Each structure stands twice: as structure tokens, then as C-alpha cells.
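The values are calculated or read from the model by the stated rules, or taken from the named source; none is laboratory data. All figures in this text were calculated on a predicted structure; none of them were measured in a lab. In this analysis, Cβ positions are derived from the backbone assuming ideal geometry, glycine residues included, and neighbour counts consider all displayed protein chains. Please note that ligands, DNA and RNA were not included when accessible areas were found on the heavy atoms of the full protein model with its side chains. Shrake-Rupley method; radii C 1.70, N 1.55, O 1.52, S 1.80 Å.
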Amino acid sequence: MRIGLSSSLEHDDPGQWARRMKELGCGAVVFPVDYTASEELVNAYVQAAGEEGLVIAEVGAWCNPLAADEQERQAAMERCVGQLKLADRIGAACCVNITGSCGSRWDGAYPGNFTQEHWKKTVRSIQEIIDRAEPENTFYTVEPMPWMAPANPEEYAALLAEVDRKHFGVHMDLANWITSPEKYFGNEAFMETCFDRLGSYIKSCHIKDVCLQEEFTFQLKEVACGEGILNLEKYARLAEKVNPEMPMIIEHLHSDSEYLQSVAYLKERMEKAGLQVIN
């Protein structure tokens, strides 16, 4: 496995960015600039990553290509296409986004997210993004979400089939699919289901943890690695079976210091379990 951070941390130039990631024990990175950056800056980051042996795991799109507002939707589509082209150009493992919501919040939970009409729009938008970008070296992927498609591994498998594009793959964020007592307490079996159904399509993973809150009703909270109950060693082993150098990206922490603590903790925990952490 290759640990990475969703944050680029504070840095002054591409060389410092890459050296710092390497020194922390990272073997993978999320690309820190987008498709609007100059060719010179993009190339400088690619070169710096290569010199330190860092795999570029993800280029994030993070927008709503299904927005109800037409202007917002068109802008999001342009960004998705641009980011996928960037990912292809720099040899990233994937370009990742969510499928998109039907409401005012780009990643929000709405009943309309689960209608057949929204599903059809989802399929068409992914097809359009891939067809316009024409990637050859990378994959467009969508992150699992609890309140929009794909909300479970079965839906992701169905989406792969309906989109029917060679360069559509899977981004795995297991924690986002822990949405019930059965999945929470039976997370090891659920992990196996996810990888049994989707393993060969997975290009990159997010790694974090989930903790059940004491308040009623059933409430789950995303937490840093080690603060919940997920069997992260099993998660990493399943990912390694797909790709011995699978990127495992830590995300959603609040400061550089939290990221530094988390990568050190995760690296030590994985190595203690006999897992190879490449950096």
C-alpha cells in the first residue's frame, strides 16, 4: 500500500511539497493544482513527485455535474472534463468526483437523488465526461456516498455496467458506505462484499474510520483512523490483493498537525500488522 494525504500541506514550491510528503512516509499524493494551472507549474509538480518516487493517486474534480442550475451544471461538466484530461496527461491513477445531487448543496442528501430520472442523468453525465476527455492512461471514478448513487456496492456494479466505458473505474471510500448497524458491526464482512464485487475496478482508496455515537437515534460519525471500529488492517489487505501499491488516502482532518499525526499512526499500525507500506 501507499499512504497519501488529501491535503497538500503548507509548502512553498513543488520540490518542498514532494520532499515533505516523502519524509512523512507517504508513497502516494493527491495532485495539488487543477487543470487551470499553467503547464509549467503542472510539470514542476509532476517532476517533483517523480523524483521522490511518489505515485499520483488522484486528481479531484469535486463539483456537481448534475446541478439543477444549468450554468452551474455546465461549469461542473467543464471542470470534470478538464480534470480528467489533466489526470490522463500526468498519469494519475484516477480522476475522482461524486456523481452529484439534485439539490442546492452539491453533495447533499435529497429524495430526488434516488429517482430513476436522476439515475439516468448520472449515467449520461459520466458517459459524456469520459467521451469528451478521451482518457487513455487513467480512469474517471466516483466516490461511494451514503445518500446518492452509488450508495452500495451493488449500485456501483450496476453503474459500471450501464455507463459501459473502458475508462470508468471505482474509487473506494469504505467509510462512506457504513450506513447501518449491520454494516457497522459487521464491517469486516461488508468489506469483503465490496471487494468481491468491485475489487478489479478499484484504482484508489480513502482510508478513515467510523464511530457510533451514543445519542439516539442511530448516528455515525466519520473520525480519524484509529478512533472508530473499522478493521483498517483488513481493509488494507483487501486493497493490496487488488494492487500491492494501492493508494490509501487519509482525508477530512482539520490541520497539518492532525495529518502528520494520522500518517505516522497509520504507518506504524500497518507495519505492525505486517503490511508493506511503500514510500
So how strong a dipole does the chain carry about its Cα centre when Lys and Arg Cβ are +1 and Asp and Glu Cβ are -1, to the nearest 20 debye?
500
Within the chain, excluding any trypsin sites (Lys or Arg not before Pro) found in a DSSP loop (not H, G, I, E or B) and having at most 11 other Cβ atoms within 10 Å, the longest uninterrupted segment runs 167-279
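Below 8 Å, C-alpha to C-alpha, sequence gap of six or more: please give me the relative contact order for the stretch 67-224 in percent. Don't skip to the end; give the middle numbers.
Details: 230 pairs, mean separation 31.6, N = 158.
Over the stretch 67-224, the number comes to 20 percent.
Relative contact order, percent, of the stretch 205-251 when contacts are C-alpha pairs under 8 Å separated by at least 6 residues? Mind showing how you got there, number by number?
Details: 58 pairs, mean separation 20.8, N = 47.
Relative CO of the stretch 205-251 lands at 44 percent.
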With the other protein chains left in place, how much accessible area per residue, in square angstrom, belongs to the chain at a 1.4 angstrom probe?
45
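Full extension from Trp62 to Glu214: what is 0.36 nm times the residue separation minus their Cα-Cα distance, to one decimal in nm? Intermediate results must be reported in sequence, preceding the final value.
Values: separation 152, 0.36 × 152 = 54.72 nm, distance 3.17 nm.
Difference between extended and current length: 51.6 nm.
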Note to self: C-alpha centroids of the stretch 15-89 and the stretch 167-233 sit apart, in Å, by 25
Would you please give the residues with an amide H less than 5 Å from that of Val55, counting only those at least 5 places away or on a separate chain, with H modeled from the backbone geometry?
Ala28, Val29
Checked against the positive end of the charge dipole of the chain (+1 on Cβ of Lys and Arg, -1 on Cβ of Asp and Glu, about the Cα centre), the farthest of Met1, Pro244, Thr141 is Pro244
Carbon and sulfur atoms account, in whole percent of the 1.4 Å probe accessible area of the chain, for 47
With the contact rule set at Cα under 8 Å and sequence spacing of 6 or more, what percent relative contact order holds for the stretch 2-273?
18
Go ahead and estimate [θ] at 222 nm for the chain from helices alone: -39,500 (n - 2.57) per DSSP H run with n ≥ 4, summed, over the residue count, rounded to 500.
-13500 deg cm²/dmol
Over the Cα atoms of the stretch 2-273, each weighted equally, I'd like the Debye log10 I(q)/I(0) at q = 0.08, 0.11, 0.13 Å⁻¹, rounded to two decimals.
-0.31, -0.61, -0.86
Residue with peak Gaussian network fluctuation, the chain [Cα springs, cutoff 10 Å], from His118, His254, His171
His254
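Taking 25 Å as R0, compute the FRET efficiency from the Cβ-Cβ separation of Gln47 and Leu260 and round it to 0.05.
Working: r = 25 Å, r/R0 = 0.99.
So the FRET efficiency works out to roughly 0.50.
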As a test of reading the structure, rank His167, His252 by solvent-accessible area (1.4 Å probe, protein chains only), most first.
His252, His167
Add +1 for every Lys or Arg and -1 for every Asp or Glu among the other residues with Cβ under 14 Å from the Cβ of Ala189, and state the total.
-1
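What FRET efficiency comes out for the pair Glu39/Gln116, r = Cβ-Cβ distance, R0 = 35 Å, nearest 0.05?
Details: r = 43 Å, r/R0 = 1.22.
It comes out at approximately 0.25.
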